[in-house]
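S.K.: This is the structure I want to talk about, given as structure tokens.
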Amino acid sequence: MLYFITDLLVLGCINSIMVVGLNLQYGYSGLLNFAFYIYVAIGAYVAAITTMGASTVPGITYALGWTLPWWAGVIMGGLVAAVLGALVFLLTVRRLRSDYLAIVTVAVAFIVWNLIDTYQPLFDGDTGLFNVPQITGKANVSTEGYSAIILALSAGCLALFVWVSRRVFRSPFGRLLRSIREDEQVTAAFGRVSWKPQIAVFGIGSFLAGIAGGLLIFYISAWSPAAFLPLESFILLAALIVGGSGNYWGSMLGAFVLIEALAEVARYVPSFGNGANVGALRAVIIGLVLILTLRYRPEGIIPERWLKWYKNAAPPPGPPAQVTEPAAANTTRPAAATARPAAARPAAATPAAVPPGGGNVLLDIRDVVYSYGGARAVAGCSFSMNQGTVTGLIGPNGAGKSTLVEILSGRLAPQSGEVVLDGRSVGGRGPAGMSRLGVARTFQTARVLSHLPVIENVMIAAPGQRGEDPLAALFWPRGWRDQETALREEATELLGWLGLSSHLGQPAGSLSGGQRRLMEIARALMARPRLLLMDEPTAGVYPETSQLIAQRVREIAESGVTVLLIAHNMAFLSWVADDVVVMAEGRVLTRGSLEQAREHKDVIAAYLGVAAGESRGPQAPSRGGVT
Amino acid sequence: MSHLLQAVGFGLVTASIVALAAVAVSLQVSVTNFFNFAYGDFMSFGAYVAWTASNQGVNFYLSVVLGGIAVGVLGVLANYLVFRPFMKRGVRPVTLLIAGVGLSFVVQNALILIWTPAPRRFSLNLGNALHLGPFLLTPGDLIMIGAAVTLLVLLHLMLSYTKFGKAIRATSNNIDLARSCGIDSDRVISLTWFVAGLFTAVAGVGLVLQESTLSPTTGFTELFVIFGAVILGGIGRPYGAMLGALIVGVLTEVSGAYVNGAYKTSIAFGVVIVLLLFRPQGLIKARGLIS
Amino acid sequence: MTILRAEGITAGYDGPPVLDDVAAAAEPGQTTVILGPNGAGKSTLAKAILGLLRIRDGHVYLGDSEVTGLGPHKLVRRGLGYLPQLANVFDDMSVLENLEMGGYTLKGDLRHRIASVLELFPDLGVDRNKKAGTLSGGQQRMLALARLLMTEPVAAILDEPTAGLSPLYAERVWEQIDRIRGTGVGLLVVEQNATLAMEHADSVCLLAQGRNVLSGKADELRERAEVARILVG
């Protein structure tokens, strides 16, 4: 009986290590790796062939045949698995969307399996390895005793890896992974490249797989392709999802309940014929449980948001730093209310501060052209902006305003012409590059990381976070803990300044449309931009919030940030913009105060449209057709 | 050389089988936008139903039809119970894939429970192989090729000339516009799954007859060959899938003649990896599914 | 006697309603254009009438029957046609097949009906076997109009039918719309190009910030300065 429980616990621990590893890859990072169990197998094989010594039995061959001590073998197994994992990642993940990646990993799993099964000299093909020596060497240990030893070892490893998992989760590195998982584009818009953190987590997860494999082979003393069919990866994934992906408690729960408990229960079901039926029944049940979980409780039994980490993510709402929202239906520009909070961090390392609006040209757009297929969206657009000013970008639908903003934010590269930021030509840098140069943006439809708390959504934007480096996250917390606290304070202040103090710990997906827009502003500011691009920041927002946004944007400009915003609401523009640029048909039609623009003959004609047979104002371009 | 040509001949038989399955998959993908990972097991299921009926003394061809209907119904049920609820909710493509993998394991293992894992013998002895030009084919092979060609022609006629076939094409092209024209897209999708099921079952039977043995994993191991054909032809393009099947079928047989047979399936898997990495749009431009 | 009538429509997405107590109507054989500055809610109104968007309050009537919230799938059988702004043809199918799909809900042989429709669109007849995706933007628009006529609707909603077209084609599309109007269909047309639209409209419904600000006969409103002011915003 004791042996039975010990056996259960050992396998539970080892399976938990695997699921925790898979959680790092899929739960934390959203990378689906169906080849996961192959890394377990590789870990097992490497551990064996580096410790077993050469084969003395005729007909059995396998590579290496070294005789390292058992612990070296296990570690080597982990390392080889990690390296292979990183390699596979480099070759595949960078290029594929999520479901195709999954298909490729299934293919990889099968190919490796096929190779090992068929090619004898590698690991003795389908016969596999057996009589793997125990870690206790020649000492005479009872089966129960040996199990206990392995149990201690496995439990110890599990504890270690749970600690690793926890460290990763609570660090900026973990936050970065979550952010990439939720919305890769938004993360890129704030200067982050995805593949570096992903390859790190792929490697770590594979390392865990390899270690688990090593432990397993020393426990059962044998290993063959029959032990690592593709089914096993699937069972791990099912355990992860059902238990609750994204957190290690869920992983362990899944491992113990779905894998172990189910296996034991299946043993007691009156057998109907042969052993294969038990395994098949187990697989059917697992498959059904998985489908049902995905449908009715997709976050799993222990969802990520239950973690105390999330509940504690935000400091309790402190003394009211709240801004009272101005009274409704106020058409005059609201008086400047609270000034923007002084930065909790030292002055940003940007070029010497210039007094706002002090004639220093920050952005110069020169003859930029961009066409989609045959249609010219931006047809030679030129204008410039002084630092610390707020410029409204207006014009009828199809004028090219949004395309211009996409070019300025780096998502599109100008096909001809130049964008000059503070004296430097910056076309074609991509969103990450532009972000590093101090360009931040909000989106036409607010893009939030729905499952993460509001405060994390904002913190992700701050540049230069030392804790995002995986090694620093794991081994040198002292290097980033202080920075993290400072960032948290700053994010809290910013969110308070925008009226969101009581929503810090909420998942961002539960915010209303107006609140999301406010959060986006906080997020953009967190990136310490020099240039802030806003695409319809008040669409779908209540008038009071609209006024708050206008107020805040003016304060942002007063602190030296240059703002370009696309807007249609004339009242909002009158509150917020220093002047407006009117675009029509991809070009600048005129520039001046809002009142001047509204009276301008050509502007009115642009908004009204062209009559039959009439040519358009001074430009008269020939359009290919733009929607 | 004759060795090579013979391999090509076998390739044509494989291509016929793969074509039926690949066209089925492509058709279904074109209206629903995701891969059903359980298709291989659907094929096995169809073959088992046909085998059971045949064993009970039912006429062979009728057994195949029964298998077809069984898989058709299975497809409709899978759509209704598993996939459609997810799609209505709007989930990530990965989730549908995982659900498909789950379904695959359920079906495959259900087959083991019902029919036991022991391989069954399923063959149709219609005479010895004949030399037809450079090819060496049995009458059974010829019937397979003939059946595939016939079914594909019928499908083409349906898609081109019948109201329902055009409704399928409209739905796959632009589902919202199709609805605006009064087309009941849910019904179209259900019926597409049924037709795909029919084809899948016939492919499954063909697959089994090729090796004369039937086991629960028969279909699953062929899955990636089918995926390869679908991707090669352009995902969501049934006509492309026919071409893809031809290429993949001949290629696997020819390569199998030169390389250890055990690696044949790995080659198919490898081809899929290479395709997805370097040319996911296929030889013929796929529609909108690659992002 | 209006053929298509929307009253008291309040609708929107998350947040404040995009449309607040809006009304619009079309009479048989007449064109009503819906105009307004960006963000006024023109497209939202079209979607609300078609049931593509949940209406919080208000009613839509087609003839005598209420059709609030039915959806284009059902509305097409009741005789309300719809020309969407984007993706309005089956680009993988031929011109002829597009028309057949337009007539999907009809019984019997469609050839007669197709021939009558093509009489209004001679250019399409020439290209009848070409794939719709190979046609130019303007021709596709014509095809979409022809398709919607297949069911002989009593009324139709056109969402920005001239968007993205050259001035020449925009005028041609309006000429077609006039011809359709001539067959007795009541048309509700959402448009961005106000000048051109008002030249062809019978009635105008001007929206701003989700409300009706001005409605009336096009003849009367054509010269009024405030229309220009409202449209600029």
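The values are calculated or read from the model by the stated rules, or taken from the named source; none is laboratory data. Every value quoted in this text rests on a predicted model; they were computed, and no experiment measured them. For neighbour counting, all protein chains shown are included, and Cβ atoms are generated from backbone atoms with ideal geometry for every residue, glycine included.
S.K.: Would you confirm whether any residue within region B:221-234 is surrounded by fewer than 21 Cβ atoms within 10 Å (Cβ to Cβ) and within 14 Å of chain A (Cβ to nearest Cβ)?
M.R.: Within region B:221-234, one or more residues are surrounded by fewer than 21 Cβ atoms within 10 Å (Cβ to Cβ) and within 14 Å of chain A (Cβ to nearest Cβ).
S.K.: Does A:Ala152 meet the test of being surrounded by fewer than 20 Cβ atoms within 10 Å (Cβ to Cβ), under 21 Å from the mean Cα position of the chain (by Cα), more than 14 Å from every other protein chain (Cβ to nearest Cβ) and assigned to a helix (DSSP H, G or I)? Don't jump to the end; show me each part of the working.
M.R.: On the way: surrounded by fewer than 20 Cβ atoms within 10 Å (Cβ to Cβ): yes; under 21 Å from the mean Cα position of the chain (by Cα): no; more than 14 Å from every other protein chain (Cβ to nearest Cβ): yes; assigned to a helix (DSSP H, G or I): yes.
In short, no.
S.K.: Here's something else I'd like to know. From the list A:Gly273, A:Gly318, A:Gly279, which residue is more than 14 Å from chain B (Cβ to nearest Cβ) and at pLDDT below 85? Quick ask: steps written out before the conclusion?
M.R.: Numbers: A:Gly273 fails: more than 14 Å from chain B (Cβ to nearest Cβ); A:Gly279 fails: more than 14 Å from chain B (Cβ to nearest Cβ).
Step by step, each of A:Gly273, A:Gly318, A:Gly279 is checked, and only A:Gly318 is more than 14 Å from chain B (Cβ to nearest Cβ) and at pLDDT below 85.
S.K.: Suppose the filter is part of a helix (DSSP H, G or I) and closer than 21 Å to B:Met144 by Cα; does B:Gly46 pass it? Don't jump to the end; show me each part of the working.
M.R.: Details: part of a helix (DSSP H, G or I): yes; closer than 21 Å to B:Met144 by Cα: yes.
Against the criterion (part of a helix (DSSP H, G or I) and closer than 21 Å to B:Met144 by Cα), B:Gly46 qualifies.
S.K.: Go through region B:202-219 residue by residue and tally those that are more than 14 Å from B:Trp115 (Cβ to Cβ), surrounded by 24 or more Cβ atoms within 10 Å (Cβ to Cβ) and among the small types (Gly, Ala, Ser).
M.R.: Total meeting the criteria: 2.
S.K.: Still on this structure: Hey, can you tell me all the residues within region A:83-108 that are small (Gly, Ala, Ser) and facing chain B (nearest Cβ under 9 Å)? Walk me through how you get there before you give the answer.
M.R.: Going residue by residue through region A:83-108, those that are small (Gly, Ala, Ser) are A:85-86, A:98, A:102, A:107.
Passing the criteria: A:Ser98, A:Ala102, A:Ala107.
S.K.: Do the conditions hold for B:Leu243, that is, is it in contact (Cβ under 8 Å) with a residue 40 or more places away in the chain and either surrounded by 22 or more Cβ atoms within 10 Å (Cβ to Cβ) or closer than 20 Å to B:Phe37 by Cα (or both)? Working first, answer last.
M.R.: Working: in contact (Cβ under 8 Å) with a residue 40 or more places away in the chain: yes; either surrounded by 22 or more Cβ atoms within 10 Å (Cβ to Cβ) or closer than 20 Å to B:Phe37 by Cα (or both): no.
Spelling it out, it is not the case that B:Leu243 is in contact (Cβ under 8 Å) with a residue 40 or more places away in the chain and either surrounded by 22 or more Cβ atoms within 10 Å (Cβ to Cβ) or closer than 20 Å to B:Phe37 by Cα (or both).
S.K.: So which helices (runs of 4 or more DSSP H) stay within region A:68-142 end to end and still have 2 or more residues that are at pLDDT below 80? Show your work before the answer.
M.R.: On the way: elements: A:70-92, A:98-118, A:120-123.
Filter on region A:68-142 gives A:98-118, A:120-123.
S.K.: So, restricting to helices (runs of 4 or more DSSP H) that lie completely within region B:60-173, which ones have at least 3 residues that are within 19 Å of the chain's Cα centre (by Cα) and within 11 Å of chain A (Cβ to nearest Cβ)?
M.R.: B:93-115
S.K.: Hey, among the residues in region A:470-499 that are touching a helix residue (DSSP H, G or I) at 6+ places or on another chain (Cβ under 7 Å) and not in a helix (DSSP H, G or I), which one's surrounded by the fewest Cβ atoms within 10 Å (Cβ to Cβ)?
M.R.: Step by step, filter region A:470-499, then rank; the result is A:Trp480.
S.K.: Any idea which of A:Pro453, A:Pro470 is in contact with a strand residue (DSSP E or B) (Cβ under 8 Å, 6 or more places away or on another chain) and over 21 Å from A:Leu408 (Cα atoms)? Steps first, answer last, please.
M.R.: Working: A:Pro470 fails: in contact with a strand residue (DSSP E or B) (Cβ under 8 Å, 6 or more places away or on another chain).
That would be A:Pro453, the only listed residue that is in contact with a strand residue (DSSP E or B) (Cβ under 8 Å, 6 or more places away or on another chain) and over 21 Å from A:Leu408 (Cα atoms).
S.K.: Moving on. Against the definition (over 18 Å from A:Gly438 (Cβ atoms), more than 14 Å from chain C (Cβ to nearest Cβ), assigned to a helix (DSSP H, G or I) and of a type in the set (Asp, Glu)), how does A:Glu555 come out, yes or no? Before the answer, list the steps.
M.R.: Numbers: over 18 Å from A:Gly438 (Cβ atoms): yes; more than 14 Å from chain C (Cβ to nearest Cβ): yes; assigned to a helix (DSSP H, G or I): yes; of a type in the set (Asp, Glu): yes.
The answer is yes for A:Glu555.
S.K.: Shifting gears a bit: Residues to consider are A:Pro326, A:Pro355, A:Pro346; find the one that is in contact with a helix residue (DSSP H, G or I) (Cβ under 6 Å, 6 or more places away or on another chain), more than 20 Å from A:Glu536 (Cα to Cα) and either modelled with pLDDT under 50 or buried (at least 22 other Cβ atoms within 10 Å of the Cβ) (or both). Talk me through it step by step, then tell me what you get.
M.R.: Details: A:Pro355 fails: in contact with a helix residue (DSSP H, G or I) (Cβ under 6 Å, 6 or more places away or on another chain); A:Pro346 fails: in contact with a helix residue (DSSP H, G or I) (Cβ under 6 Å, 6 or more places away or on another chain).
Checking each option against the conditions leaves just A:Pro326.
S.K.: Keeping to region A:432-462, report how many residues are part of a helix (DSSP H, G or I) and either at pLDDT 90 or above or out of contact with any helix residue (DSSP H, G or I) (no Cβ under 7 Å at 6 or more places or on another chain) (or both). Give the steps one after another, and end with the answer.
M.R.: Going residue by residue through region A:432-462, those that are part of a helix (DSSP H, G or I) are A:432-436, A:454-459.
Cutting the leftovers down to either at pLDDT 90 or above or out of contact with any helix residue (DSSP H, G or I) (no Cβ under 7 Å at 6 or more places or on another chain) (or both) gives us A:433-436, A:454-459.
Result for region A:432-462: 10.
S.K.: Consider C:Leu80 carefully, then state whether it is of a type outside the set (S, T, N, Q), in contact (Cβ under 8 Å) with a residue 24 or more places away in the chain and either under 21 Å from C:Leu206 (Cβ atoms) or in contact with a Lys or Arg (Cβ under 7 Å, 6 or more places away or on another chain) (or both). Talk me through it step by step, then tell me what you get.
M.R.: Details: of a type outside the set (S, T, N, Q): yes; in contact (Cβ under 8 Å) with a residue 24 or more places away in the chain: yes; either under 21 Å from C:Leu206 (Cβ atoms) or in contact with a Lys or Arg (Cβ under 7 Å, 6 or more places away or on another chain) (or both): no.
Spelling it out, it is not the case that C:Leu80 is of a type outside the set (S, T, N, Q), in contact (Cβ under 8 Å) with a residue 24 or more places away in the chain and either under 21 Å from C:Leu206 (Cβ atoms) or in contact with a Lys or Arg (Cβ under 7 Å, 6 or more places away or on another chain) (or both).
S.K.: Quick one: how many residues across region A:526-549 are closer than 19 Å to A:Met385 by Cα and among the aliphatic types (A, V, I, L, M)?
M.R.: 4
S.K.: Return the residues of region C:80-116 that are more than 12 Å from chain B (Cβ to nearest Cβ) and of a type in the set (D, E, K, R); say none if nothing qualifies. Full working, then the answer.
M.R.: Going through region C:80-116, the residues more than 12 Å from chain B (Cβ to nearest Cβ) turn out to be C:95, C:111-116.
Matches in region C:80-116: C:Arg111, C:Arg113.
S.K.: Is it the case, given these coordinates, that C:Gly8 is within 12 Å of chain A (Cβ to nearest Cβ) and over 17 Å from the mean Cα position of the chain (by Cα)? Don't jump to the end; show me each part of the working.
M.R.: Details: within 12 Å of chain A (Cβ to nearest Cβ): no; over 17 Å from the mean Cα position of the chain (by Cα): yes.
For C:Gly8, the condition - within 12 Å of chain A (Cβ to nearest Cβ) and over 17 Å from the mean Cα position of the chain (by Cα) - is not met.
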